[in-house]
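The values are calculated or read from the model by the stated rules, or taken from the named source; none is laboratory data. These numbers come from a predicted model, not from an experiment. Ideal geometry is used to build each Cβ from the backbone, glycine not excepted, and the neighbour counts take in all protein chains shown. The accessibility values were calculated without ligands, DNA or RNA, using every heavy atom of the protein model including side chains. Shrake-Rupley method; radii C 1.70, N 1.55, O 1.52, S 1.80 Å.
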Amino acid sequence: MSVILEFQNVSKHYRVGGQDVPALRDVDLKVNTGEVFGIVGRSGAGKSTLIRLVNALERPDGGKVLVDGADVTAMSGTALRSLRQKIGMIFQHFNLLSSRTVTQNIAFPLRIAGQTDNAGIRRRVAALIDRVGLNEHAHKYPAQLSGGQKQRVGIARALATGPRILLCDEATSALDPQTTQSVLRLLNEINRELELTIVLITHEMQVIRTLCDRVAVLDAGAIVETGKVADVFLHPVHPVSRRFVSESGDLDEAHLRAAFDHVAGRLVRLTFRGDAVYEPMLGKVAREYGVDFCIVSGHIDRIGNTPCGQMVMGLTGTRVDDALAQIRREGVTVEALR
Ligand SMILES: Nc1ncnc2c1ncn2[C@@H]1O[C@H](COP(=O)(O)OP(=O)(O)OP(=O)(O)O)[C@@H](O)[C@H]1O
Ligand SMILES: [Mg+2]
């Protein structure tokens, strides 16, 4: 696996009214070629700053940002222009040119890049419009489009120069849930078809869960946790990650605390991944070891393409330890809560 983007010990401050506002502290991060990498954090965590360092819209105070091994923090002139052609970007509010049609918006970066072959541009733009599903809207102006359609224009425009990395800054935050899903599906298809690396920042864990391979959690300018999306969703370690997962409905800490008072016996959390989700294992183990169980909370869902389930339960009986050992042998993660 090759690394396409790397942050090495990056820090960034803004000076506001004579005061230093830290935006990023000692950020280390590697993004692999072809992956969808998510960065999640609250408002003000430094997400936009981080992403804007990649195409050198911002410069760090310390550390390096490497794209394909080249240090972008030192780039200017021609090197910077060719870097920016390798990197597409889409935005929360789409940033389309309101006085130009869909076709003209998508052609814009090609003209900026100095292309003059009109027939070539027309062909390229037509292919992009087709790819993002806007064939009936090619001659409309942005004001005549829905939010989802505008973001499709944004995506086509970002892809025009054939970038290797696509940066998405809250690209679905202005869209309703259904439109969000359709834009995420498009991004997923593009990621696979073009082997395009996607770096996406968001405050919504559901976006991370649907699209990303790995995720970093950014808090007050520092990365507090990085991991595969399923690992972070099922076993968040840092309190900030736990809060994000909890807010997305996957781990209700308050409900768990209540269960401590009301449920008898041993309290455990079981995590099932992959085919284990579909096995009728719990009933079998309960019968074999003579244990009773009470389910406190549970859900089965998908993270990316993997079915995952998590369940909190109270167990009573004389052979609870043996039952839990058997559950572990079946490939289920068992965490003792009490
Ligand atoms: N141009 C700027 N001048 C001064 N301070 C800035 C500037 N841009 C960002 N900041 C500050 O840097 C910090 C990080 O801001 P940033 O925009 O990266 O956060 P964010 O995670 O993208 O937030 P949001 O989710 O609200 O978009 C904040 O404290 C912000 O006020
Ligand atoms: Mg932002």
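When segment 67-78 is filtered for residues that are surrounded by 12 or more Cβ atoms within 10 Å (Cβ to Cβ) and part of a helix (DSSP H, G or I), the ones remaining, listed by number, are Val72, Thr73, Ala74. The set of residues in segment 223-272 being in contact with a Cys (Cβ under 7 Å, 6 or more places away or on another chain) and in a helix (DSSP H, G or I) consists of Val229, Ala230, Leu234.
The helices (runs of 4 or more DSSP H) located wholly in segment 111-213 that include 2 or more residues which are under 27 Å from Leu29 (Cα atoms) and open to solvent by 30 Å² or more (accessible area, probe 1.4 Å) occupy 177-194, 205-211. Just so you know, in segment 161-189 the residues that are within 22 Å of Arg111 (Cα to Cα) and touching a strand residue (DSSP E or B) at 6+ places or on another chain (Cβ under 8 Å) include one that is nearest to ligand 2 (Cβ to nearest atom), and it is Leu167. Contact map, segment 310-322: first residue touching a residue at least 60 places away in the same chain (Cβ under 8 Å), second residue of a type in the set (Ser, Thr, Tyr) and open to solvent by less than 10 Å² (accessible area, probe 1.4 Å), Cβ cut-off under 6 Å, separation 6 or more or different chains; pairs are Gln310/Thr271.
In segment 39-59, how many are open to solvent by less than 40 Å² (accessible area, probe 1.4 Å) and hydroxyl-bearing (Ser, Thr, Tyr)? Within segment 39-59, residues that are open to solvent by less than 40 Å² (accessible area, probe 1.4 Å) and hydroxyl-bearing (Ser, Thr, Tyr) number 1.
Got at least one residue in segment 36-54 being under 22 Å from Val215 (Cβ atoms), among the aromatic types (Phe, Trp, Tyr) and within 16 Å of ligand 2 (Cβ to nearest atom)? No, that holds for no residue. Of all residues in segment 181-208, those satisfying the criterion of being more than 16 Å from ligand 1 (Cβ to nearest atom) and over 26 Å from Gln115 (Cβ atoms) are Gln181, Ser182, Val183, Leu184, Arg185, Asn188, Arg192. Looking across Val224, Val229, Val217, one residue alone is among the aliphatic types (A, V, I, L, M), closer than 30 Å to Asp26 by Cβ and free of Cβ contacts under 8 Å to residues at least 40 places away in the same chain. It is Val224. Cβ-Cβ distances below 7 Å connect the following pairs, each with a first residue in segment 6-18 that is open to solvent by less than 30 Å² (accessible area, probe 1.4 Å), a second residue that is near ligand 1 (Cβ under 9 Å from one of its atoms) and of a type outside the set (A, V, I, L, M, F, W, C), and a separation of six or more residues or different chains: Lys12/Thr49; Lys12/Glu58.
Each row is one residue, and each column tells you yes or no for (1) outside any strand (DSSP E or B); (2) within 16 Å of Leu167 (Cβ to Cβ); (3) within 16 Å of ligand 1 (Cβ to nearest atom).
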{"site": "Asp26", "(1), (2), (3)": "no, no, yes"}
{"site": "Ile39", "(1), (2), (3)": "no, yes, yes"}
{"site": "Arg42", "(1), (2), (3)": "yes, no, yes"}
{"site": "Val65", "(1), (2), (3)": "no, yes, yes"}
{"site": "Leu80", "(1), (2), (3)": "yes, yes, no"}
{"site": "Leu97", "(1), (2), (3)": "yes, no, no"}
{"site": "Phe108", "(1), (2), (3)": "yes, no, no"}
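Selection over segment 140-179 of residues that are of a type outside the set (A, V, I, L, M) and within 16 Å of ligand 1 (Cβ to nearest atom) gives a count of 5. All of Asp301, Asp275 fail the test of being within 29 Å of the chain's Cα centre (by Cα), closer than 24 Å to Thr210 by Cα and not in a strand (DSSP E or B), apart from Asp275.
Only a single item in (1) over 20 Å from Val224 (Cβ atoms); (2) touching a strand residue (DSSP E or B) at 6+ places or on another chain (Cβ under 6 Å); (3) among the aliphatic types (A, V, I, L, M) is not met by Leu29, and it is number (1).
Pairs please, first residue from segment 65-91 and farther than 15 Å from Thr197 by Cβ, second anywhere and of a type in the set (Asp, Glu) and open to solvent by 20 Å² or more (accessible area, probe 1.4 Å), Cβ atoms under 6 Å, 6+ apart in sequence or on different chains. Cβ pairs passing all conditions: Phe91/Asp169.
Can you find even one residue in segment 53-74 that is of a type in the set (S, T, N, Q) and under 26 Å from Val207 (Cα atoms)? Yes, segment 53-74 contains at least one residue that is of a type in the set (S, T, N, Q) and under 26 Å from Val207 (Cα atoms).
Name the residues in segment 323-338 that are without any contact (Cβ under 8 Å) to a residue 40 or more places away in the chain and either open to solvent by less than 50 Å² (accessible area, probe 1.4 Å) or in contact with a Phe, Trp or Tyr (Cβ under 9 Å, 6 or more places away or on another chain) (or both), would you? If the condition is that a residue be without any contact (Cβ under 8 Å) to a residue 40 or more places away in the chain and either open to solvent by less than 50 Å² (accessible area, probe 1.4 Å) or in contact with a Phe, Trp or Tyr (Cβ under 9 Å, 6 or more places away or on another chain) (or both), then Ala323, Ala325 are the ones that fit.
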